[in-house]
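A short write-up of the structure that comes next.
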Amino acid sequence: MECLEEKLKGLSIARRSRPEEPTYLLHLALQPSGLLAVSCSNFTIHLHNKDTLNLVGEYQGHSGPLCGVTFAHSSPDLLYSGSADGTVRGWDVRRPGTEAVQMFKSDPSHSYCSFDLSCSDTLLSAGTEQVNDEDSFLVFWDTRKPGGGLLGVYSESHSDDITQVCFHPRDKDRLASGSTDGLVNVFDLSRGAEEEALLATCNSDSSAGLVCWSGADFTQLLCLSHDEGIHLWDLGQLDTEEPLTIFSTSDARSLTPLAGGGGVDYLVGGAWLEEAQKLLVVGGKNSGDLHLMECDDKGLRLLRSLEGGHSSTVRCFLWDAAREALVTGGEDAQLLLWKPGGEELTTGKRESMKSESALRLKSRPHKKHGYQRQKKST
């Protein structure tokens with residue numbers, strides 16, 4: 001098998017989508033049969049053809065910032081989105097422009113800043129912002145009961161905004177959550193009550209921004225903090241005397257993985273590439289350049305830099321393993337497809353939209369002081 005580094009070396013821009021309306025592109029989801037879903041800072045969801053990046057549909061309905069999009073696994077024509085407006089909605093992608101076919105809510109005071117769907121498609125979970133300066137909640141629904149289906153809430157495990165909810169890719173009962181309180185929790189939902197379900201609490205020493213499962217059997221957790229820290233934990237060591245931490249740095253910007261020296265300005269996210277058995281971490285420069293890095297127990301290693309694409313901060317990416325292609329989206333409103341040997345028909349960066357103050361207001365960052373509170377330890 002060709003090594004990952006060689007595959008990435010061949011990437012170049014194959015397609016570039018430039019929406020008419022300026023909007024930040026925040027999250028991406030891939031439907032293997034042909035669609036890309038993009039959540040935007042103007043509260044809309046765009047559908048694009050994954051090969052041409054042509055816009056083929058749009059959904060409107062949310063009244064607050066979106067916190068993600070994901071396709072159902074067994075019913076890929078169903079797309080879910082979560083929002084700070086206190087709803088998780090299901091959309092039929094065969095009917096672009098129509099209203100949501102499902103809607104899930106909890107308490108009216110709940111504003112969601114994360115959500116995910118289990119690998120079995122039967123369970124939805126959303127993480128709330130902090131309510132009344134006191135509590136934050138993990139909310140659960142049964143997707144087979146779209147008229148309600150509220151199963152319950154967990155209320156004791158986090159004390160601040162729950163910025164990430166991430167189901168295990170293979171175990172329908174395993175869930176990880178991250179928060180601005182600095183904690184990353186792992187639950188076994190089959191155990192029922194919150195206290196029994198909580199398997200582990202890992203401390204990121206900062207505000208957790210992204211959590212994803214990684215490792216050969218998805219027994220590892222990657223956490224990226226809002227101040228650009230990286231933590232990689234091995235949950236396979238939970239029942240041993242061995243430390244959970246595989247690699248940790250409080251500030252990846254202080255590392256020097258780039259060819260010319262110096263580090264990235266920010267981290268975009270991470271993804272476990274199963275075919276290559278590698279953990280990919282994507283970082284960026286404020287100029288729009290991207291840097292693809294491998295993360296393991298030795299730290300970060302630069303695999304490839306991608307230049308000449310974006311003109312400002314990149315907010316999201318996904319790896320399409322079937323095509324060995326990378327899709328990226330950012331604050332310049334551009335959606336880019338990077339493919340081996342790609343040659344785009346038009347060249348030149350889109351001008352930065354950083355001056356669009358309304359976009360910044362609609363795409364609010366999470367506060368970063370929550371981790372200073374009292375924290376649990378594993």
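The values are calculated or read from the model by the stated rules, or taken from the named source; none is laboratory data. If you're wondering where the values come from, they're calculated on a predicted model, not measured in any experiment. Surface accessibility is based on the protein's heavy atoms, side chains included, excluding ligands, DNA and RNA. Shrake-Rupley method; radii C 1.70, N 1.55, O 1.52, S 1.80 Å.
Quick notes on this structure:
- Distribution of pairwise C-alpha distances over the chain, 20 Å bins, in %: 30, 62, 8
- For the chain, built as a Gaussian network whose Cα springs stay under 10 Å, the top-fluctuating residue of Q277, Q164, Q31: Q277
- Exceeding the 28 Å Cα-Cα cut-off - candidates K145/K172; K172/K298; K50/K145; K9/K285: K172/K298; K50/K145
- Sulfur and carbon atoms: percent of accessible area, the chain [1.4 Å]: 45 percent
- When the convex hull of its Cα atoms is projected in every direction, mean area for the stretch 1-130 (nm²): 9.9 nm²
- The residues of the chain expose on average 42 square angstrom of accessible surface per residue, using a 1.4 Å probe on protein heavy atoms.
- One Cα centroid belongs to the stretch 65-79, the other to the stretch 200-247; the line between them spans 25 Å.
- Here the extension length gained between E274 and S254 equals 4.4 nm, from 0.36 nm per residue of separation less the Cα-Cα distance.
- The stretch 162-270: proportion of alpha-carbon pairs further apart than 15 angstrom, %: 64 percent
- Area accessible to solvent at H158, 1.4 Å probe radius, in Å²: 10 Å²
- The Rg/Rh ratio of the stretch 227-305, with Rg taken over Cα atoms and Rh as the Kirkwood radius over Cα pairs, comes to 1.01.
- Estimated Rh, the stretch 69-147: Kirkwood, alpha-carbon pairs, angstrom: 12.9 Å
- Cross-link reach list, aspartates and glutamates versus K278, counting only Cα pairs under 18 Å and skipping chain neighbours closer than eight places: E2, E5, E6, D217, D234, E294, D296, D297, D320, E324
- Full-extension gain in nm, T122 to R301, via 0.36 nm per residue minus C-alpha separation: 60.6 nm
- Estimated at 0.36 nm per residue, the fully extended path between R95 and D217 surpasses their Cα-Cα distance by 40.2 nm.
- Considering all different alpha carbon pairs of the stretch 135-219, the Kirkwood hydrodynamic radius works out to 13.4 Å.
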